[in-house]
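Colleague: First the structure, which I've put down as structure tokens, then a few questions once you've had a look.
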Amino acid sequence: MPQPNIYDVDFDLLDIPPAPAGHYAEQALLGALLLQPDRLKTLGTLHPAEFANAGHLAVFHAVITLTPPPPEVHTRKPVWLKAVLEHARPAARGLTAAYLHHLVSACPDPAHAPAYAAIVRAGHARRTLTTHAKQLVHTAGDSMLEDQPTAVLNAADTLADVVDHLAGRFPAHSSTLPRTPTPTHPARDPDHEDVQDERLLLAALCARPRPAEAARWLQPGDFLSPLHGRLFGCLLNVARRGDPIDPITVLWEAQHQGLITPALPPADLLGMLTDGHGVATEHWAEVVLRRALLARAHTTGLTVLAYTQDDTNTVHQLLAGTRRALADLAAVRARWHRATDPTLPRTTQSAVPASPRAGPVPLRPTATTRAAR
């Protein structure tokens, strides 16, 4: 089969996306430094890697590396522009003297250089959050990893460290959460094996005299199937009332919860709750919780990506939104550690704890739990 000719591709220069607002801030900042090199002292900490444009990175690296000429020489001769061009050109082959003059003309006021630098830092913060959110999404979806939960939590830790670092680079600011609507993520579509695992767990729980003990770290939302989650909630309701637990009592509660319908008669529901004797309940509860952890990590990464791709969000809103998303993941993470870490006390706790809405929950474990993991 003949290969397509790359020159036959229908391409137009109009297909190139327009430069973002941060691009012009980079130009204005470099123009200010080419006009008045001493403005570099007013910028605070700024690294070349924080520039999105490779040519701009090379120019800024030259500016911070070279020693500017004396002011009296700078005002009479273009030695500064020439020196910057010669230093930057090996790293940016397409750089020309004309473009340096364009940078100068793109600067409205050299005295505003600190404001331009703040915009450059904010743009870099957005790109950094995007990169690490993508890594979290990728890790949560890579089922070939040997220890996927640990890899996912390490990726989440890295994202949390990035947020902490970026927060230290921007002045304290009381900010609202991002205005971006919560993204609609694809519903988890359980395969046959997932469904069977969850049904096996439900049947096993109904066969135990105290099922809440075996699945004390689970919540109804952890199940891939909403129906299975609601049946688990029915089981918990029966257990909280202190009533005896078996498939019949759970079925009766399911009727009160409206789960019995013409499409799902009592016999079908009862079939999901029987034949659980001899099943390793703790193991299957951990399987369900593991899937819930990975799914929450995937959702967290997609949420952060939605925030960073919304240009109306300020950098402070991005940091606040990312912390809140990580807090939601931390709630599942804490239950995962309680269920899988043998060094932690395995005391019974409520299967449906209150949601931490007052503020973000620290994502990362203590030094003890991190070492144990």
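Colleague: Report, largest value first, the span of the C-alpha coordinates of the range 62-197 along each principal axis, in whole Å.
Modeller: 81, 38, 23
Colleague: Still on this structure, please answer the following. Of the trypsin sites (Lys or Arg not before Pro) in the range 194-263, which ones lie in a loop per DSSP and count no more than 14 other C-beta atoms within 10 Å? Write down the numbers at each step before the final one.
Modeller: Working: sites: ARG199, ARG216, ARG230, ARG240, ARG241; in loops: ARG216.
The qualifying sites: there are none.
Colleague: With θ set to phi - 60° and the Karplus curve 6.51 cos²θ - 1.76 cosθ + 1.60, what are the ³J(HN,Hα) couplings of the range 191-202 in order, to the nearest whole Hz, using x for Gly and Pro?
Modeller: 8, 4, 5, 4, 4, 5, 4, 5, 5, 4, 5, 4
Colleague: Count charges around GLY44 for me, please; just the other residues with Cβ under 15 Å from its Cβ, Lys/Arg as +1, Asp/Glu as -1. Intermediate results must be reported in sequence, preceding the final value.
Modeller: Working: positive: ARG39, LYS41, ARG121, ARG169; negative: ASP38, GLU50.
Around GLY44, the charge tally is +2.
Colleague: Along the positive direction of the dipole of the range 130-288 (beta-carbon charges: Lys, Arg +1; Asp, Glu -1; about the Cα centre), which of LEU159, ALA172, PHE232 reaches farthest?
Modeller: ALA172
Colleague: Expected output is a single nm value to one decimal: the length gained when fully extending between LEU177 and THR130, i.e. 0.36 nm times separation in residues minus the C-alpha distance. What is it? Spell out each step's value before the answer.
Modeller: Working: separation 47, 0.36 × 47 = 16.92 nm, distance 1.70 nm.
Working it through step by step, the gained length comes to 15.2 nm.
Colleague: Report ³J(HN,Hα) in whole Hz for each residue of the range 105-121, in order, from the Karplus equation J = 6.51 cos²θ - 1.76 cosθ + 1.60 where θ = phi - 60°; Gly and Pro get x.
Modeller: After applying 6.51 cos²θ - 1.76 cosθ + 1.60, I find 6, 7, 8, x, 7, x, 5, 8, 4, x, 5, 5, 5, 5, 5, 4, 4 Hz.
Colleague: More than 20 Å apart: what percent of Cα pairs in the range 8-111 qualify?
Modeller: 39 percent
Colleague: Additional query: On the accessible surface of the range 48-182, probed at 1.4 Å, how many percent belong to carbon and sulfur atoms? Each step should come with its number before you reach the end.
Modeller: On the way: 4320 of 7210 Å².
Exposed carbon and sulfur together represent 60 percent of the surface.
Colleague: Let me ask something else. With N denoting the number of residues in the range 235-326, provide Rg(C-alpha) divided by 2.2 N^0.38 Å, to two decimal places.
Modeller: Working: Rg = 20.6 Å, N = 92, 2.2 N^0.38 = 12.3 Å.
For the range 235-326, the normalised Cα radius of gyration comes out at 1.68.
Colleague: Return the Cα extents of the range 144-276 along principal axes one, two and three, sorted largest first, each rounded to a whole Å.
Modeller: 60, 36, 30 Å, listed from the longest principal axis down.
Colleague: Using the Karplus equation 6.51 cos²θ - 1.76 cosθ + 1.60 (θ = phi - 60°), what ³J(HN,Hα) coupling, rounded to whole Hz, does each residue of the range 47-61 give in order, writing x for Gly and Pro?
Modeller: Couplings: 9, x, 5, 7, 8, 6, 8, 5, x, 5, 4, 5, 5, 5, 4 Hz.
Colleague: Then there's this: Report, ordered by chain and residue number, the aspartates and glutamates lying within cross-link reach of LYS77, taken as a straight Cα distance under 16 Å and ignoring same-chain residues fewer than 8 apart.
Modeller: Partners found: GLU86.
The values are calculated or read from the model by the stated rules, or taken from the named source; none is laboratory data. For clarity, every value in this text was computed on a predicted model and none was experimentally measured. Every residue, glycine as well, gets a Cβ built from its backbone with ideal geometry; the counts of neighbours run over all protein chains shown. Ligands, DNA and RNA are stripped out before the accessible areas are found, and what is left, the full protein with its side chains, is counted by its heavy atoms. Shrake-Rupley method; radii C 1.70, N 1.55, O 1.52, S 1.80 Å.
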